[in-house]
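Handing you a structure now.
Values in this text are rule-based calculations from the coordinates and carry no lab data. Being a predicted model, the structure only gives us computed values, none of them experimental. Every residue, glycine among them, receives a Cβ derived from its backbone with ideal geometry; neighbour counts consider all protein chains shown.
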Amino acid sequence: MKVDAHFCGASLQKVAQAERGSMQLVAEFGEHVIAGAIVVEGYAVSEGSGGELELSRSRATLVRDYIHARFQLDSQNIGTVPLRGVPPPSTQKNSWNGICIVLLSLA
C-alpha cells in the first residue's frame, strides 16, 4: 500500500471542521477515497498521564464515524489510530491537538 494523501486539521473543537476536511478529501481525491483505505489519526496533548490516548482515540472515532455515515463508505476500510501530541513532520509543528486523515491505495 502507498500513501496517496495526508490531510491534517488543527483543533477538533467542532464537528463542522471534520465535515469540511472530509468534503475536501472527497472533492480532491474522489474515487481514491471510495476505493482505498482511510486511516484517521487522532492526536492530543494532555496534562495528565494516559489522557492523551483516550482523547486522541475519541477524536479519531468521531471523524471515522462521521466519514462512514456521511459518505456511506465501507466501515472495514476506515481505521483509527490514537496517538500522543507529536505531530507528523508535514505539519511543521512541535505539538498537535487534532486529526490527520491518511488515504491509502494499492501501489
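Which residues does the label zone of S95 cover in the range 50-80, counting backbone N under 12 Å from a point 7 Å along Cα→Cβ?
From the range 50-80, the list is 52.
Also: So who's got an amide H within less than 5 Å of the one on V45, skipping anything under 5 residues away but keeping other chains? H placed 1.01 Å off N, in plane.
Result for V45 returns nothing.
Show me, for the range 71-81, the HN-Hα J-couplings you get by feeding each phi into the Karplus relation (A = 6.51, B = -1.76, C = 1.60, θ = phi - 60°), rounded to Hz, glycine and proline as x.
So the Karplus estimates, Gly and Pro as x, are 10, 6, 8, 5, 5, 6, 9, 10, x, 10, 9 Hz.
Please work out how much length the chain gains when fully extended from N77 to S105, using 0.36 nm per residue of separation minus the C-alpha to C-alpha distance, in nm with one decimal.
Details: separation 28, 0.36 × 28 = 10.08 nm, distance 1.07 nm.
In short, 9.0 nm is gained.
Still on this model: Scan around I78 for amide H atoms under 5 Å from its own, H built in the peptide plane at 1.01 Å from N, and keep only partners 5 or more places away or cross-chain.
Answer set, sorted by chain and number: I38.
With a 10 Å radius around each residue's Cβ, average the other Cβ atoms per peptide and rank 86-94, 51-59, highest first. Display every interim value, and only then the final one.
Working: 86-94: 12.4, 51-59: 18.2.
Output ranking for 86-94, 51-59: 51-59, 86-94.
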